[in-house]
Amino acid sequence: MDEELGTLDYKKIFLNEIPVDGLVVNVRMTAEELDMEFDGCTLSGEIEFKGLLQRFSDRYLLSGQLIGQWLYQCDRCLTPFLYPVKCDVLMHYVELRSTGYDAAAVIDPEIEEPEELVTDHINLHQALVEQMILQIPMKALCSENCKGLCPQCGENLNIRQCDCHQTDIDPRLIKLKNLLEK
Ligand SMILES: [Zn+2]
Ligand SMILES: [Zn+2]
């Protein structure tokens, strides 16, 4: 277990090079290296993974912890903020050329169907990006108390309180007023 991934290409971990007692995986990638944008989110800073890649005859188990952060846009005020990710990773692969693996020999009951490997290697880079994408929240706020945007003038109410609620002017007139003030 003294193999270091520093000298290994994490995009191509060849199956036949995985030692019997597992491969210690210790990777750090920068957001630039991954160059990842997904649905308006971009990776930021560093992505770190520490774990172990184990071999069980024709099956492989990748387990460890993934740490990183997304630059995410607040759903309420639209301001970008850093959304931290820290999650356990558990991935299960089976070699495609395997002739019906023994499903009874379950490695871990929590792991379901293994992903079939059509190549002779595991692309750890891709696996970690997929895991990061799974961690993107459906909805997230920059802070629990985010006041959002004024529905009338669009002012970010976290930064400045506008006068909209005090005056009871027709919103169309406010738009006109804003135009005239420009
Ligand atoms: Zn916000
Ligand atoms: Zn307003």
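The numbers here are math on the coordinates, done by the rules we state, and not lab data. None of the values given here were measured: they were computed from a predicted structure. In this analysis, Cβ positions are derived from the backbone assuming ideal geometry, glycine residues included, and neighbour counts consider all displayed protein chains.
Descriptive notes on the structure:
- 5 angstrom amide H check on E115, placed H, neighbours 5+ away: H92, Y93, V94
- Inter-label distance for V20 and C87, nm, one decimal - labels placed 7 Å from Cα along Cα-to-Cβ: 3.5 nm
- Summarising the label geometry, the points placed 7 Å from Cα in the beta-carbon direction at R172 and I67 lie 5.6 nm from one another.
- Distant-in-sequence amide H partners of C146 (H built 1.01 Å from N, under 5 Å): none
- Environment charge at T30 (Cβ cut-off 12 Å; Lys +1, Arg +1, Asp -1, Glu -1): -4
- Between the amide H of T79 and those of C74, distances stay under 5 Å, these residues lying 5 or more places away or on another chain, with hydrogens modeled in the peptide plane.
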